[in-house]
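The values are calculated or read from the model by the stated rules, or taken from the named source; none is laboratory data. Fair warning: this is a prediction, and the values are worked out from it, not measured in the lab. Positions of Cβ are generated from backbone atoms using ideal geometry, with glycine treated the same way; all protein chains shown enter the neighbour counts. The area values use the complete protein model at the heavy-atom level, side chains included, leaving out ligands, DNA and RNA. Shrake-Rupley method; radii C 1.70, N 1.55, O 1.52, S 1.80 Å.
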Amino acid sequence: MSVLKNDLYLAEWGWDIPGCSIDRMCASGLTAVGFSVSHIASGMADCLIAGGVEHMGHLPMGFMRDPHPRAEELLGGPAAFNMGMTAENLHDRFPEFSKETADAYAMACQEKTDRAIVAGKMKDMIIPIEVELADDTHIIADKDQQPRPGTTMEGLAGLKTPFREEGGRVTAGNASGLNDGAAAVLLMSRSKADELGLQPKMRWVASAVAGVDPTVMGIAPVPATETVLKKTGLTMDDIDLIEINEAFAVQALYFLNHFGLKADDPRVNQWGGAIAYGHPLAASGPRLVAFLCGLFKENPAARYGLTTMCVGRGQGYSMIWQKEEG
Ligand SMILES: CC(C)(COP(=O)(O)OP(=O)(O)OC[C@H]1O[C@@H](n2cnc3c(N)ncnc32)[C@H](O)[C@@H]1OP(=O)(O)O)[C@@H](O)C(=O)NCCC(=O)NCCS
């Protein structure tokens, strides 16, 4: 779910600001970014805020789903509607990614996340808000709710495999969690930025969306990234920073392995990823874009960055960005 007109009223920007909501499940927010980019490029708009919000406790995944009676048959079975099952399918198809490799990846993700949070890396991109909890108390939410510092291999090894009772490999520890989140990015044309005297931080270069077999949806960032690289004439060697949404460890491992990158490649998710922060679906894409923007600042020699994610029912969305000097 992306930003609705109601949310614009809450922002108190006035009646005259239009808006719309977009649905591409996990990549709804990234699609909002993509639509904004094309609106700006076509001259339809000069300045847009693209974001996503998800309250997964309030509106669980699949809430009020009422699919076509033949949907499951056409999409290849029940896994098409259960993302954890698609991750188990990936483990089946690529047995080189064992549960231990997935757990090791997850533990490293928690460590990177903890280091980034303790160092205050994303402090200037978080807007603290007052929220009301179920017991009517109020707190200031100024950090992500999901990270689990101190995660160990032993702790991960003992977790249940909810998507396959016998012989499963996907657990709460090596999957992204179900949590709440909201993220947005400000996009504008160069002329608008010049008019406002703003220094752009990065420039959109190209996007690509790919479709794959829904029962192994986690592979889709690979064809999406291959397409976007081909469009730009770049190769993975040219990409200095990679922000991949870790819906599941196995799915991120497949992507890295495909492009010849090690699981601990320093270009990848330097501040950690969705296994630690969670994956509040529509918020995740703009979070990747915001993290990349922050990481460009931290990595002055970096030139190109990639944001990529898989999407339920078999899609992948990749975007390449270029650092702006200044
Ligand atoms: C995997 C999943 C089902 C787990 O849900 P859950 O059971 O509500 O998760 P919880 O946070 O309660 O964790 C379950 C257990 O694992 C433990 N756990 C979670 N992460 C852990 C970690 N890093 N280290 C040790 N223990 C951990 C929890 O403490 C909890 O233990 P308990 O049962 O003793 O309380 C859920 O996160 C999920 O569906 N994830 C995938 C989401 C998805 O499909 N997104 C779209 C992708 S395209």
message = If I go through region 132-149 residue by residue, how many of them are near the ligand (Cβ under 9 Å from one of its atoms) and without any contact (Cβ under 8 Å) to a residue 12 or more places away in the chain?
response = 0
ask   = Just a yes or no: is a residue in region 95-109 in a helix (DSSP H, G or I) and within 17 Å of residue 284 (Cβ to Cβ)?
value = yes
key: residue 272 being within 28 Å of residue 152 (Cβ to Cβ) and open to solvent by less than 10 Å² (accessible area, probe 1.4 Å)   = yes
ask   = Would region 28-51 turn up any residue that is among the aliphatic types (A, V, I, L, M) and over 22 Å from residue 205 (Cβ atoms)?
value = no
So residue 179, is it modelled with pLDDT under 95, under 20 Å from residue 287 (Cα atoms) and surrounded by 17 or more Cβ atoms within 10 Å (Cβ to Cβ) = yes
note = Among (1) in contact with a Ser or Thr (Cβ under 7 Å, 6 or more places away or on another chain); (2) open to solvent by 30 Å² or more (accessible area, probe 1.4 Å); (3) of a type outside the set (S, T, N, Q); (4) closer than 26 Å to residue 19 by Cβ, residue 125 falls short only on (1)
remark   = Exactly one of 66, 92 is within 26 Å of residue 21 (Cα to Cα) and either part of a loop (DSSP other than H, G, I, E, B) or open to solvent by 70 Å² or more (accessible area, probe 1.4 Å) (or both), and that one is 66
query = Is it the case that residue 171 is of a type in the set (Val, Ile, Thr) and either more than 16 Å from the chain's Cα centre (by Cα) or within 16 Å of residue 249 (Cα to Cα) (or both)?
reply = yes
